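This report refers to the structure that appears directly beneath it.
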Amino acid sequence: MPKKYQGSADLDKFVVNGGKRLRGRVTISGAKNAAVAILPAVLLADGPCIIENVPDISDVNAMISALKILGADIKQLKKNTFSIDPTGVKSYVVSKEMAQGMRASSYFLGALLGCMRRAKVAPPGGCEIGLRPIDQHIKGFEALGARVTIEQGMVVAKAEKLGGCSVYLDVVSVGATVNIMLAAAKARGMTIIENAAREPHIVDLANFLNSMGADIMGAGTSVIKIRGVQHLKGTNYSIIPDQIEAGTYMVAAAATKGDVLICNVTPKHLESITAKLRETGVTVEEGDECVRVRMDSRPGKCNVKTMPHPGFPTDMQPQFATLLSISNGTSIVTEGVWDSRFRYAEQLTFMGADIQVDGKSAVITGVKSLKGASVKANDLRAGAAMIIAGLIADGTTEIEDIEYIDRGYECLVEKFSSLGADIKRVSDYDTINQLKAN
Ligand code: EPZ
């Protein structure tokens, strides 16, 4: 994690000088949304687990801190590898401080219910991209036999025993699918989740649980069957590559008219992103565990509608819209998952983009170029979009509120710099020091 000056608000920002075409190769880290589901799942084990390819990002570091407070014995074996022994965990309370405003803190409900039949967890936070209810999570817990109440602002779940059930999700929900899998893994009998999420991180969690001795079938389809088992043993597991981080670098390569080899990816997880990039004229070549992205002209327009996997991922919407903002034509972007995921659009208009947002759709009329400006990261993926905008803009772009970006992108400055980008992390503390020095 980048060093931060202690004692000050998070004053760091990114300063990007645009106009550099990205070239070279970049290696993708472990998937954030798989890691934040697998780490709480370790609580279900009767022994220690070794987890590899854990991304060094703030959401994951917060999750690890919370596990330590619960009583897990955690050792960092090397940069992205941890040994986690949950056998010493006695507490089932995840406070507001432990949750640190993360959406994934809700996964402690399913994991603690699954291993201790009790959980008391602060309401989840997460990026402000629309209402983020957990009614479908609670529906699953209650179907399994738990009682869920809100007590002093905490979500409290308890169950004498958990029994297999059938749950139909009223809306395709990644979080609810994860949480019900966690609570059902050691329940008595068969649990069937219908209308389940199909994201790669759902499959990764199921594979992790099965490596511990769980009996989960159908992950990756809309019907997941979980036959509860009495014991789950410790295991060794490596987290899948992050398809959203990979997609972000693919779009950045295309937007800067670059030529980048993106390594340590699962091309199948990138299919919808590859398809849409090709629609705009970008060349994408797929290898076994890499993709090469090349572009030497202005991208063409294309319409995008975000949908649950295998549709175009909502977490790639801001980044792709930034590419379209300099395209040759007018595109329509429709957000099919979240209520308000266009907050970044205003920031892009400060840079000269022409984006008209109307409810869940945005009409983007491509402009020849963006101009550097001082902008904010409204949320994690909006922040990624600002980075891409800075890379392609004329002049300098300063991006504030970058703690959002730290939540999901490991070694971002190092990775983009290695591709030729002119990007620095500046802490106002440095600036203050510089001023003092003069
Ligand atoms: C996960 O959020 C991801 N976060 C999000 O990624 C991602 O945007 C989202 O899935 C969709 O893919 C993590 O995995 C930590 P949902 P989650 O439950 O689980 C509604 C990122 O950038 N819904 O699939 O919170 C909900 O309001 C982040 O990495 C209910 O109505 O998303 C939304 O409209 C941002 N009731 C839709 O379902 C519920 O009980 C999808 O939400 C749950 C969800």
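Quick note: the coordinates plus some simple rules give every number you see, no bench work behind them. This structure is a prediction, so every number in the text was calculated from the model and none was measured. So basically every Cβ, Gly included, is an ideal-geometry build from the backbone, and we count neighbours across all protein chains shown.
In whole angstrom, region 293-438 maps to an equivalent ellipsoid with semi-axes of 28, 17, 15, each derived as √(5λ) from the alpha carbon gyration tensor and ordered largest first. For region 319-374, taking Cα atoms only, Rg and Dmax work out to 10.6, 30 Å respectively. When DSSP beta bridges are restricted to pairs lying wholly in region 32-238, around 70% turn out antiparallel. Here the translational diffusion coefficient of the chain follows from Stokes-Einstein with Rh set to the Kirkwood radius across Cα pairs; for 20 °C and 1.002 mPa s it amounts to 96 µm²/s. Relative to the longest principal axis of the Cα atoms of the chain, the long axis of helix 107-116 lies at roughly 20 degrees. Here the dipole of region 32-238 is about 420 debye; that uses its Cα centre as origin and unit charges on the Cβ of Lys and Arg (positive) and Asp and Glu (negative). Summing charges over neighbours of T177, with a neighbour being any other residue whose Cβ is under 11 Å away from its Cβ, gives -1 when K and R count +1 and D and E count -1.
Within the shell of other residues whose beta carbon sits under 10 angstrom from the beta carbon of G390, the net charge comes to -2, with Lys and Arg scored +1 and Asp and Glu -1. A cut-off under 15 angstrom between Cβ atoms defines the neighbours of S65, and their net charge, with Lys, Arg +1 and Asp, Glu -1, is -1. What is the angle, in °, between the Cα long axis of helix 58-70 and the longest principal axis of the Cα atoms in the chain? Nearest 10 is fine, range 0 to 90. The angle comes out near 20 degrees. When the alpha-carbon atoms of region 32-238 are used, the pair Rg, Dmax equals 15.1, 42 angstrom. Look at the dipole of the chain built from charges on Cβ: of G71, P308, L370, the Cα furthest out on the positive end belongs to G71. Note on region 269-334: along the principal axes its Cα atoms extend 34, 31, 15 Å, ordered by decreasing extent. The three principal axes of the C-alpha atoms in region 342-398 carry coordinate ranges of 31, 26, 14 Å, sorted with the longest axis first.
This model, with +1 at the C-beta of Lys and Arg and -1 at the C-beta of Asp and Glu, gives the chain a dipole about its Cα centre of some 440 debye.
Taking the charge dipole of the chain about its Cα centre, with +1 at Lys and Arg Cβ atoms and -1 at Asp and Glu Cβ atoms, the residue from I402, G258, Q356 reaching farthest to the positive side is I402. Specify which residue in the list C49, A119, V36 is farthest towards the positive end of the charge dipole of region 1-126, using unit charges on the beta carbon of Lys, Arg (+1) and Asp, Glu (-1), about the Cα centre. It is V36.
Can you tell me how region 189-235 classifies by the Cα gyration tensor, rounded, prolate or oblate, using a/c under 1.5 as the rounded cut? It comes out oblate by the Cα gyration axes. Of all DSSP-defined beta bridges confined to the chain, some 70% are antiparallel rather than parallel. Across the chain, the relative contact order, built from alpha-carbon pairs under 8 Å that are at least six residues apart, equals 21 percent. When only Cα pairs under 8 Å and 6 or more residues apart are kept, what is the percent relative contact order across region 32-238? Answer for region 32-238 is 21 percent. Relative to the longest principal axis of the C-alpha atoms of the chain, give the angle of the C-alpha long axis of helix 200-211, reported between 0 and 90° and rounded to the nearest 10°. The angle comes out at about 30 degrees. Around the Cα centre of region 151-244, unit charges on the Cβ atoms of Lys, Arg, Asp and Glu (plus for the first two, minus for the last two) sum to a dipole of about 400 debye.
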